[in-house]
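Enquirer: What follows is a single structure, and I will ask about it in a moment.
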Amino acid sequence: MKKTARERLPGMSSVIQRKTAPVLTVLVLLIGLVGCATRPIVEQTRLVWPPAPETTRIEFVRTITGEQDIHEDTTFSQKLLHWLGGVEAPPTRIVEPMGIAVSDDGERLYVANYNRLAVFVFDFGQKKFREIGPLQQPVGLALDDNEYVYVVEQGKKQITVFNQDGEAVSSITHPDIYRPSGIAIDRRLGRIYLADTGRNEELAKLKSHNVKIFSLAGELLGTIGQGMGDGPGQFRFPTYLAVDEDSKLYVADTLNGRVQVFDSRGVFTKTLGERGNAWGMFDKPKGIAVDNFGNVYVTDSGWSNVQIFNQNGDVLLFFGGRGPIPGMLRNPTAIAIDGRNHIYVADFVNHRVNEYRLVNTTAADSYSATQSEAHSGIGMTLRWAAQLHQLRAAKTNRASLNTVVETAPADGIKLRLDREFNHDAKLL
């Protein structure tokens with residue numbers, strides 16, 4: 001018997017009706033922390049997507065903010081009170097993460113700290129923490145077969161390669177590199193892909209807004225991109241990259257609001273998403289990663305969420321959402337997935353990495369609703385949510401927001417939105 005969309009991967013509606021009880025529980029926790037600093041901290045229920053009674057697909061695991069997380073899970077600890085009180089962050093605290101890489105076994109996490117001018121290395125297996133640096137504006141990160149770390153140093157316009165001891169062993173640069181950002185390594189073909197984001201100046205338009213291809217030895221092999229523009233194979237500020245097991249290249253074409261896909265020869269094959277505020281659309285797509293089933297995860301800095309697409313380009317689910325509480329996101333950038341299907345998202349404005357995991361899912365689940373299903377109740381919910389996003393972005397007055405909340409298609413959605421808008425002073 002054919003499964004319905006909600007039975008397979010009931011995505012967008014599940015996020016709109018996000019697990020209300022855990023969110024409220026965490027909010028109560030924050031209030032309690034502010035009111036009584038000495039009160040014991042109690043472990044809280046963590047967010048999942050979609051909520052019960054539907055099958056959970058994504059579970060929030062924890063936040064990683066600094067060296068202390070090597071030794072204990074501090075997700076719901078006293079550090080939240082310090083953050084709320086504006087205490088200055090210690091030097092081993094993540095600030096403005098721009099890049100992420102993770103070992104295949106998930107034992108070591110690498111985080112590019114743009115503000116700290118360093119890469120933080122979290123070795124959870126050995127319970128060790130170390131830094132690679134100082135660096136000049138570290139952005140993209142990638143690992144090769146030997147777990148050498150390739151760091152895009154935007155300030156130097158180069159890729160610097162470090163061994164497992166954190167020693168610089170080589171660098172890759174070229175006169176045509178203008179403003180490098182994302183990086184991906186095709187281990188099968190021995191290639192390095194470097195996104196050259198560029199600027200609006202004429203020189204930048206000529207040299208950048210493309211993806212440069214290097215050999216592992218640092219030789220420039222070619223470029224992908226037909227110049228600055230919005231046509232197939234053209235880019236407007238490409239930022240982050242990913243490569244899958246079939247050597248397909250995924251490029252976050254950020255200011256065109258889409259992800260472009262190229263085959264191993266660099267030939268354009270398809271687009272994921274488009275600019276907009278509904279199912280499968282983007283505001284500012286950035287980080288890209290691929291799980292063990294071939295599903296493509298894309299962070300959206302504008303909507304502060306992660307959308308999941310299958311290989312047909314169908315959107316399956318999104319998770320996250322804008323907020324400071326553990327599991328929520330504010331302007332996420334990079335994303336990485338380990339061999340266990342644990343997902344790591346660089347939560348830029350919250351100064352942390354959020355870890356999630358894919359659960360209760362097999363390769364057979366990687367397909368989405370048919371067109372008829374997408375235009376049924378789920379589709380109506382999405383269209384309503386898009387209207388709400390537009391109102392919020394425009395800082396619409398409270399009366400208009402109340403009207404939208406009251407016409408929400410489900411009580412759970414009404415509750416979430418009423419809570420969301422009540423605490424946003426800019427919208428009151």
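The values are calculated or read from the model by the stated rules, or taken from the named source; none is laboratory data. Small disclaimer: the values here were computed from a predicted structure and weren't measured. For neighbour counting, all protein chains shown are included, and Cβ atoms are generated from backbone atoms with ideal geometry for every residue, glycine included. Just so you know, the surface numbers come from the protein's heavy atoms only, side chains and all, with ligands and any DNA or RNA stripped out. Shrake-Rupley method; radii C 1.70, N 1.55, O 1.52, S 1.80 Å.
Enquirer: Would you say LEU135 is crowded, with 22+ Cβ neighbours inside 10 Å and either part of a loop (DSSP other than H, G, I, E, B) or at positive phi (or both)? I'd like the intermediate steps shown before the answer.
Expert: Values: crowded, with 22+ Cβ neighbours inside 10 Å: yes; either part of a loop (DSSP other than H, G, I, E, B) or at positive phi (or both): yes.
Yes: the conditions hold for LEU135.
Enquirer: Considering each residue of the range 221-259, count those that are aliphatic (A, V, I, L, M) and out of contact with any strand residue (DSSP E or B) (no Cβ under 6 Å at 6 or more places or on another chain), and give that number. Show your work before the answer.
Expert: Within the range 221-259, the subset aliphatic (A, V, I, L, M) is 221, 224, 228, 241-243, 249, 251-252, 255, 259.
If we keep only those that are out of contact with any strand residue (DSSP E or B) (no Cβ under 6 Å at 6 or more places or on another chain) too, we end up with 228, 255.
Qualifying residue count, the range 221-259: 2.
Enquirer: If you don't mind, another one. Can you name the strands (runs of 3 or more DSSP E) wholly within the range 266-339 that have at least 2 residues being among the hydroxyl-bearing types (Ser, Thr, Tyr)? Let's see the steps before the verdict.
Expert: Details: elements: 268-272, 285-290, 296-300, 305-309, 315-320, 332-337.
Those strands (runs of 3 or more DSSP E) span 268-272, 296-300.
Results for (1) touching an Asp or Glu at 6+ places or on another chain (Cβ under 6 Å); (2) at positive phi; (3) not acidic (Asp, Glu), shown as yes or no for each residue.
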residue: LEU255; (1), (2), (3): no, no, yes
residue: SER264; (1), (2), (3): no, no, yes
residue: GLU274; (1), (2), (3): no, no, no
residue: PRO285; (1), (2), (3): yes, no, yes
residue: THR299; (1), (2), (3): no, no, yes
residue: ASN310; (1), (2), (3): no, no, yes
residue: PHE319; (1), (2), (3): no, no, yes
residue: ILE337; (1), (2), (3): yes, no, yes
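Enquirer: Right, next: Collect the residues in the range 61-76 that are within 21 Å of the chain's Cα centre (by Cα) and assigned to a helix (DSSP H, G or I), keeping them in residue-number order.
Expert: The one that is within 21 Å of the chain's Cα centre (by Cα) and assigned to a helix (DSSP H, G or I): ASP69.
Enquirer: Let me ask another. Please go through the range 290-304 and pick out each residue that is open to solvent by 10 Å² or more (accessible area, probe 1.4 Å), among the hydrophobic types (A, V, I, L, M, F, W, C) and over 14 Å from ARG330 (Cβ atoms).
Expert: Answer for the range 290-304, where residues must be open to solvent by 10 Å² or more (accessible area, probe 1.4 Å), among the hydrophobic types (A, V, I, L, M, F, W, C) and over 14 Å from ARG330 (Cβ atoms): VAL290, PHE293.
Enquirer: How do the pairs read when you match residues in the range 191-220 that are of a type in the set (S, T, N, Q) with residues anywhere that are at pLDDT 70 or above and open to solvent by 90 Å² or more (accessible area, probe 1.4 Å), using Cβ under 7 Å and keeping only pairs 6 or more apart or on different chains?
Expert: That search, which allows pairs on different chains as well, returns SER215/LEU221.
Enquirer: So which residues in the range 300-310 are farther than 12 Å from GLY273 by Cα and touching a Lys or Arg at 6+ places or on another chain (Cβ under 9 Å)?
Expert: SER301, GLY302, TRP303, SER304, ASN305
Enquirer: State whether the residues of the range 98-106 include one that is acidic (Asp, Glu), modelled with pLDDT of 90 or more, surrounded by fewer than 17 Cβ atoms within 10 Å (Cβ to Cβ) and not in a strand (DSSP E or B). Give the steps one after another, and end with the answer.
Expert: Going residue by residue through the range 98-106, those that are acidic (Asp, Glu) are 104-105.
Cutting the leftovers down to modelled with pLDDT of 90 or more gives us 104-105.
Then drop every residue that is not surrounded by fewer than 17 Cβ atoms within 10 Å (Cβ to Cβ), which leaves 104-105.
When the remaining residues are screened for being not in a strand (DSSP E or B), the result is 104-105.
The answer is yes, given that some residue of the range 98-106 is acidic (Asp, Glu), modelled with pLDDT of 90 or more, surrounded by fewer than 17 Cβ atoms within 10 Å (Cβ to Cβ) and not in a strand (DSSP E or B).
Enquirer: Also: What is the number of the single condition among (1) out of contact with any Asp or Glu (no Cβ under 6 Å at 6 or more places or on another chain); (2) of a type in the set (A, V, I, L, M); (3) in contact (Cβ under 8 Å) with a residue 60 or more places away in the chain that VAL102 does not meet?
Expert: (1)
Enquirer: Do we find that ILE183 is closer than 30 Å to PRO324 by Cα and β-branched (Val, Ile, Thr) in this structure?
Expert: On the way: closer than 30 Å to PRO324 by Cα: yes; β-branched (Val, Ile, Thr): yes.
Yes.
Enquirer: Next question, about the same structure. Please enumerate the residues belonging to the range 274-289 that are open to solvent by 30 Å² or more (accessible area, probe 1.4 Å) and either in contact with a Cys (Cβ under 9 Å, 6 or more places away or on another chain) or within 24 Å of VAL102 (Cα to Cα) (or both).
Expert: Within the range 274-289, LYS284, LYS286 qualify.
Enquirer: Could you please let me know if VAL404 is at pLDDT 95 or above, open to solvent by less than 40 Å² (accessible area, probe 1.4 Å) and farther than 30 Å from PRO238 by Cβ? It would help to see each step written out before you state the result.
Expert: On the way: at pLDDT 95 or above: no; open to solvent by less than 40 Å² (accessible area, probe 1.4 Å): yes; farther than 30 Å from PRO238 by Cβ: yes.
In short, no.
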